[in-house]
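The structure appears right after this line, and notes come after that.
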Amino acid sequence: MRSKLRIAAAMMILVGAARASADGVAVVELFTSEGCSSCPPADRVLAELNRAARDQHDSNTIALSWHVDYWDRLGWKDPYSSPENSQRQVEMARDANGGRVYTPQAIVNGRATLVGSRRQQLTETIATARSNDHVASLEVKADSPADGTVTVHWKLPDSVQERSFRVEVLLTEDQL
């Protein structure tokens, strides 16, 4: 079960501040749809990223797939899509690139956006994200998976003025 549950430590969405953790975390969020003819190559790239991270025991690259519902109205209903995923994409794209939304759209650490099927560009963007100076560090650990307790610790450098943050913790499963 532990290998299937990845607490997105890492999710590094300390909204408004974080770029990467002290360990160089890169969170790749792919917005995709079964109704999008350009999405299968991006889905394969994301699956390969997940497989490589798992094989290399790399918990600092987290690849997530969000199925959007705006393709559903064109006739192919994606059973994994949801309006919440579409809304997440709109909000993230607004913060990352002024609001341009498309599929397959990859957003890395909430900042860099690119076409999700561009493997080389995505690999370079992940490497850059993992090497950037960080604004905040985040540690997430499950104290007792049986009762679902999760402890989150974060530290902001003195140079960062106090502000509000939102920490998102996601439980994900591999190889669905």
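Computed from the coordinates by the stated procedures, all read-outs in this text should not be read as laboratory data. Everything numeric in this text was worked out from a predicted model, so none of it was measured. Neighbour counts are summed over all protein chains in view; Cβ atoms, including those assigned to glycine, are modelled from backbone coordinates with ideal geometry.
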Burial ranking of peptide ranges 92-98, 40-46, 60-66 (average Cβ count within 10 Å, highest at the top): 60-66, 40-46, 92-98
Skipping prolines and chain starts, which residues have an amide H placed within reach, meaning under 5 Å, of the one on ALA63, given they are 5 or more residues away or on another chain? VAL28
Segment LEU170-ALA146, length gained on full extension (0.36 nm per residue, minus Cα span): 7.0 nm
What list of ³J(HN,Hα) couplings, whole Hz, do you get for the stretch 117-122 from phi and the Karplus terms 6.51, -1.76, 1.60, once you set θ to phi - 60° and write x for glycine and proline? 8, 7, 3, 4, 5, 5
Order the peptides 101-114, 24-37, 78-91 from the highest to the lowest mean number of other Cβ atoms within 10 Å of their residues. 24-37, 101-114, 78-91
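How much length, in nm to one decimal, is gained on full extension between GLN87 and GLU124, taken as 0.36 nm per residue of separation minus their Cα-Cα distance?
On the way: separation 37, 0.36 × 37 = 13.32 nm, distance 2.70 nm.
Taking GLN87 through GLU124 to full extension adds about 10.6 nm, to one decimal.
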